[in-house]
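First comes the structure, then the notes that go with it.
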Amino acid sequence: MEWRRIPLGPLQTNCYVLFNQQKECILIDPGEEGDRLIAWLTGEELKPLAILLTHAHFDHIGAVDDIREQYHIPVYVHEKEAKWLLDPALNGSQFFMGDHIIRIKPADKIIAMEKEIKIGSFAFQLFETPGHSPGSISYYVSSAKMVFAGDTLFSGSIGRTDLPGGNHSQLMRSIHDHLLTLPEETVVLPGHGPDTTIGIEMDQNPFLHGF
């Protein structure tokens, strides 16, 4: 199993493509530039199976419909942010993107609890990690020792909590209860910036010291 990080859009939001030897893949947070992403997938001869959203802020969802319509694949989102896809005020595009408001068609799969999901040969343990947003999800792949953390935990930082629905104490509990309990060698793949590991963040992240 391999992965690629493709920063997209004005905020350079990390879209991740997780793929296997059979060239099947899962897309996580296709935030913008749908044509560019489709061209890359075509060039790599990859076959998308699903889109997983860590949360529904505008910079993580902008290319969802482009990808879904191209490949006819389902979209997964947490129930607390299902309405955000359709509402520019909730997903933030109305306030941050000027005239470029984002409305996405309803998700195909609504996540309502922590569980394991299997899509083809891919298996993810879903952790509810609210704080940056109410429906933030982290997707843990135990077999590959990696977690797609969205905007919950970054290299040397944590997610902002000043947006609607954000909650700092809730974010810190999410990080402590779900992410810092993972093996220290677990690779953290955040929504922005470079990857890191749980061990590095435990030792070096100034926002986690003393928590």
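Mind giving me the FRET efficiency for Gln70 and Asn167? R0 is 35 Å, r the Cβ-Cβ distance, nearest 0.05 is fine. Before the final figure, lay out the partial values.
Details: r = 36 Å, r/R0 = 1.02.
Computed FRET efficiency for Gln70 and Asn167 comes out at 0.45.
Where in the stretch 42-132 are there trypsin sites (Lys or Arg not before Pro) that are in a DSSP coil and have at most 11 other Cβ atoms within 10 angstrom of their Cβ? Provide the component values of the computation, followed by the final result.
Numbers: sites: Arg68, Lys80, Lys83, Arg103, Lys109, Lys115, Lys118; in loops: Arg103, Lys115.
Passing both the DSSP loop test and the Cβ count: Lys115.
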One finds the C-alpha centres of the stretch 113-152 and the stretch 172-196 to be spaced, in Å, by 11
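All other residues with a Cβ under 15 Å from the Cβ of Glu184 taken together, and with Lys, Arg as +1 and Asp, Glu as -1, what is their net charge?
Working: positive: Lys145; negative: Glu185, Asp195, Glu201, Asp203.
Computed value for this residue: -3.
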Neighbours of Pro10 by Cβ distance under 9 Å: Lys/Arg at +1, Asp/Glu at -1, summed charge -2
Lys and Arg at +1, Asp and Glu at -1: neighbours of Gly34 with Cβ under 15 Å from its Cβ sum to -4
Expected unfolding gain across His176-Glu45 under the 0.36 nm per residue rule, minus the alpha-carbon gap, is 43.3 nm
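With both partners inside the stretch 2-204, how many of the DSSP beta bridges are antiparallel, as a percent to the nearest 5? Don't jump to the answer; show the numbers that get you there.
Working: 26 of 40 bridges.
Bridges in the stretch 2-204 are about 65 percent antiparallel.
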With only helices counted (DSSP H, runs n ≥ 4, each -39500 (n - 2.57)), the per-residue ellipticity at 222 nm for the chain, to the nearest 500, works out to -5000 deg cm²/dmol
Checking the stretch 31-119 for GluC sites (Glu not before Pro) in a loop per DSSP with at most 14 other beta-carbon atoms within 10 Å yields Glu44, Glu45, Glu114
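The numbers here are math on the coordinates, done by the rules we state, and not lab data. These numbers come from a predicted model, not from an experiment. We place every Cβ from the backbone using ideal geometry, glycine too, and count neighbours over all the protein chains shown.
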